[in-house]
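First up is the structure itself, then whatever we jot down about it.
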Amino acid sequence: MVRSMTGFGRAQGSGAGLTFTVELKSVNSRYFEFNCRLPKGYLFLEDKLKAFTAEKVSRGKVEMYVSIDSGEDDNITVELNTAYANAYINALNTLSKQYKIKGNVKASDFIGNGDMFRVVRSKIDEQAVTAAALEVAGEAINKFLNMREVEGQKLYNDVVSRTSDILSKVEFIESKAPETVNAYRQRLEAKIKELLDGANFDEGRIITETAIFADKVAVDEETVRLRSHIAQLTSLLNEGGAVGRKLDFIVQEMNRETNTIGSKSQNLEIAQTVVDIKSEIEKIREQIQNIE
């Protein structure tokens with residue numbers, strides 16, 4: 001099954017004494033891109049989460065958000081920077097004496113002074129935290145992939161429908177192409193008769209000119225290749241997996257063959273049909289940009 005490159009997943013779970021919430025979303029990208037937002041103190045998880053995600057996601061710009069709640073405060077202590085505090089208070093006392101400033105030093109004077117206090121967290125068991133985080137991330141990624149598959153099915157249905165429409169238009173071109181040659185021969189013969197005013201003319205010359213014209217406007221090779229490209233595209237869609245880049249290449253080839261048919265066209269109906277095919281191919285190309 002093909003997957004869209006857009007998706008969202010969210011999961012929550014506990015482990016290693018912590019509660020994890022993992023959310024991830026993605027948008028289109030030519031390659032796999034990963035960005036992870038983690039709480040301070042848990043940045044060691046980023047590379048592990050990236051590698052874990054890359055095992056299941058081939059393309060797309062993935063944004064992952066991880067929140068971690070300890071649920072308790074006993075793993076945090078605040079320590080006084082004694083050396084800094086002594087120097088700071090001495091400086092304040094000197095300032096008061098030298099400039100005769102009244103008032104005593106109070107504890108409230110130090111609120112907000114980040115250099116006086118140090119927040120110390122208990123040592124983190126990285127191995128246990130990593131295992132718990134990956135378990136929750138795995139659940140979020142599975143939901144994320146499920147959404148990608150649902151969106152991918154919609155893309156699949158749309159592209160297959162459009163390829164079927166293109167095939168019907170190719171059949172029309174193939175049926176009309178011989179009429180173009182016959183019409184040319186009739187016009188050529190009528191013109192010669194008009195110019196010669198009833199005199200005999202070389203039938204062989206008309207046959208030769210018609211054959212040359214038929215060779216110039218023949219599109220059977222192009223329609224055969226176009227059919228082949230459509231068959232390859234359908235096969236890849238049915239194969240599923242990360243086929244987006246291959247599909248993009250095939251669509252380019254489909255467009256190339258259609259342009260050649262258009263350049264050879266000497267029939268108004270065929271020319272209009274070529275325009276319609278190009279429009280469908282462009283819509284397919286836009287849809288394929290969303291496939292992983």
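Data table
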{"read-out": "Residues of type lysines that Lys40 reaches as a straight line, Cα spacing below 25 Å, ignoring anything fewer than 8 places off in the same chain", "value": "Lys25, Lys48, Lys50, Lys61, Lys123"}
{"read-out": "Projected label distance in nm at Glu286 and Ser14, using a 7 Å step from Cα toward the beta-carbon", "value": "4.9"}
{"read-out": "Neighbourhood net charge (14 Å Cβ-Cβ; Lys/Arg +1, Asp/Glu -1) for Gln12", "value": "-2"}
{"read-out": "Theoretical gain in end-to-end length, Arg37 to Asn86 [0.36 nm per residue, Cα-Cα removed]", "value": "13.8 nm"}
{"read-out": "Förster radius 41 Å - calculated FRET efficiency between Gln127 and Glu221 (Cβ-Cβ, nearest 0.05)", "value": "0.05"}
{"read-out": "Stretchable slack from Ile111 to Ser168, in nm (0.36 nm times residue separation minus alpha-carbon distance)", "value": "12.7 nm"}
{"read-out": "Surrounding net charge for Asn28, when Lys and Arg each add one and Asp and Glu each subtract one, Cβ distance under 14 Å", "value": "+2"}
{"read-out": "Neighbourhood net charge (12 Å Cβ-Cβ; Lys/Arg +1, Asp/Glu -1) for Asn142", "value": "+1"}
{"read-out": "Estimated inter-spin distance, Ser161 and Gln266, nm [label 7 Å along Cα→Cβ]", "value": "3.9"}
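Since every read-out is calculated from the coordinates, none of them should be taken as a lab result. All of these numbers come straight from a predicted model, not from anything done at the bench. Backbone-built Cβ (ideal geometry, glycine too); neighbour counts: all protein chains shown.
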